[in-house]
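Let me begin by presenting the structure, written as C-alpha cells, before commenting on it.
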C-alpha cells in the first residue's frame, strides 16, 4: 500500500521541532562531538557539520496485503473473523459449502460399493471356472474371460476411489485459509452469501509493517539504502526525545512518482500501529554548518538564555528548542544566533 507524505518547509532561524530533530539525528548518529566540560572550563566555539533533517509525514503500510479468496463456488456458511483480528497462516477464516459436492460424494461412495460387490461375484465365478478348467469341464477361454472381468472391475474401483478423492479435496477447499500471519483489514463477505471461485472473502495485512516516504525530487540524491531516519511517536508526537526512535531506509525506488522519490523505512516500533496511520519522520537531506556548545554552558534566566564569554561576560543567545545529548555524556545545545566561530565560552 503506497503511502503519501506531505513535506513541510522549515526555516533554520525558526525555533521549531524541525531544526531540533535535525540536530538530534546528527548527534544520535555521532556526527557531532564536544569536549567534556567542567566548571570554569573554556570551550572555543567551532562550526560543525550536521545532517539537515527534513520532516515528512509517512503512512504505515504492510509489506504485503494479500487477500483470502474462495477456492470453490458455493454458499458461505461461516465467517470466523472480523476486522482487526490477528491470524496465523493456515487459519480457517471462512467456510464455503457446495451442496452438489455432498451429493457427488454420496454417489461416488455408492458406485464404489456397487463395484466392490460386482468384484466379489466375479472373483467367485473366477474360482469356480478355475476349478472346472482343472478337471477339463470348462474351456480355457471361459477362464480367461473371468480373469479379464476381474482385472477390469478392479481398475474401475480404483478410478471410482480417485474420483471420490477429488470430490473430498473440493470439499476441503471450501475452507478459506489465511495466506500468512497478520491482521484482518477488511471482511468483504457475510454468512449466507453465494460466492464464486476466486472471490475475495477478506483482505489482511502481513505482520511486517513499513513506512513509505515520498519526498520532493530535489532530495533524491540524498536518499540511500541503510540511511538512518528519526521516527516521532504516535499521534504525531514531537515533544520529547523519549518519544523518538531510530529507523532505517531499506529501499529506495528507482522511479519517481509524480515528481517525488519514494522510499521504504522500517522500525520495530511500528509493529502494532494501525495500517494507514500517519507518522512524522525526519530524514537527512544534506549537511549544514551550525554551532553547538555544552548544555551546561547555557544560562537560563527569566525566560532568556545567555552564555558567558571569556573577557566579555554574559551575552544573550538564541538556542534551539530542545537540548540534545552527545552519546549520553556530553550534553549539547545548538546556538542559532548570538555566537560566532572563535568565541570562547566559559562554563559557569
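Structure values in brief
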quantity	calculated
Flag if residue 135 is modelled with pLDDT of 90 or more, farther than 30 Å from residue 91 by Cβ and out of contact with any strand residue (DSSP E or B) (no Cβ under 8 Å at 6 or more places or on another chain)	no
Unmet requirement for residue 84, which otherwise passes all of (1) within 30 Å of residue 291 (Cα to Cα); (2) not in a strand (DSSP E or B)	(1)
Qualifying residues in the stretch 83-97 (those that are at pLDDT 90 or above and touching a strand residue (DSSP E or B) at 6+ places or on another chain (Cβ under 6 Å)) - the one farthest from residue 197 (Cα to Cα)	90
Residue, farthest from residue 93 (Cα to Cα), within the stretch 138-151, restricted to residues that are surrounded by fewer than 13 Cβ atoms within 10 Å (Cβ to Cβ) and out of contact with any helix residue (DSSP H, G or I) (no Cβ under 7 Å at 6 or more places or on another chain)	139
Every residue from the stretch 313-335 that is in contact with a helix residue (DSSP H, G or I) (Cβ under 8 Å, 6 or more places away or on another chain) and either at pLDDT 70 or above or in a strand (DSSP E or B) (or both)	320, 324, 325, 326, 331, 332, 333, 334
Residue, surrounded by the fewest Cβ atoms within 10 Å (Cβ to Cβ), within the stretch 187-226, restricted to residues that are in contact (Cβ under 8 Å) with a residue 12 or more places away in the chain and assigned to a helix (DSSP H, G or I)	217
Residue 107 more than 30 Å from residue 342 (Cα to Cα) and touching a residue at least 12 places away in the same chain (Cβ under 8 Å)	no
Selected residue (only one of 169, 173 is surrounded by 14 or more Cβ atoms within 10 Å (Cβ to Cβ) and either in contact with a helix residue (DSSP H, G or I) (Cβ under 6 Å, 6 or more places away or on another chain) or in the same structural domain as residue 76 (by TED's automatic domain parsing) (or both))	173
Residue under evaluation residue 56, criteria (1) over 25 Å from residue 159 (Cβ atoms); (2) touching a strand residue (DSSP E or B) at 6+ places or on another chain (Cβ under 7 Å); (3) not assigned by TED's automatic domain parsing to the domain that holds residue 278, criterion not met	(3)
Matching residues, the stretch 58-81, being closer than 30 Å to residue 265 by Cβ, part of a loop (DSSP other than H, G, I, E, B) and at pLDDT 90 or above	81
Matching residues in the stretch 64-93 - criterion: being surrounded by fewer than 15 Cβ atoms within 10 Å (Cβ to Cβ), farther than 15 Å from residue 274 by Cβ and within 23 Å of the chain's Cα centre (by Cα)	64, 82, 88, 89, 90
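The values are calculated or read from the model by the stated rules, or taken from the named source; none is laboratory data. Because the structure is a prediction, the values reported are computed rather than measured. Don't worry about glycine lacking a Cβ; one is built from the backbone with ideal geometry, like all the others, and counts go over all protein chains shown.
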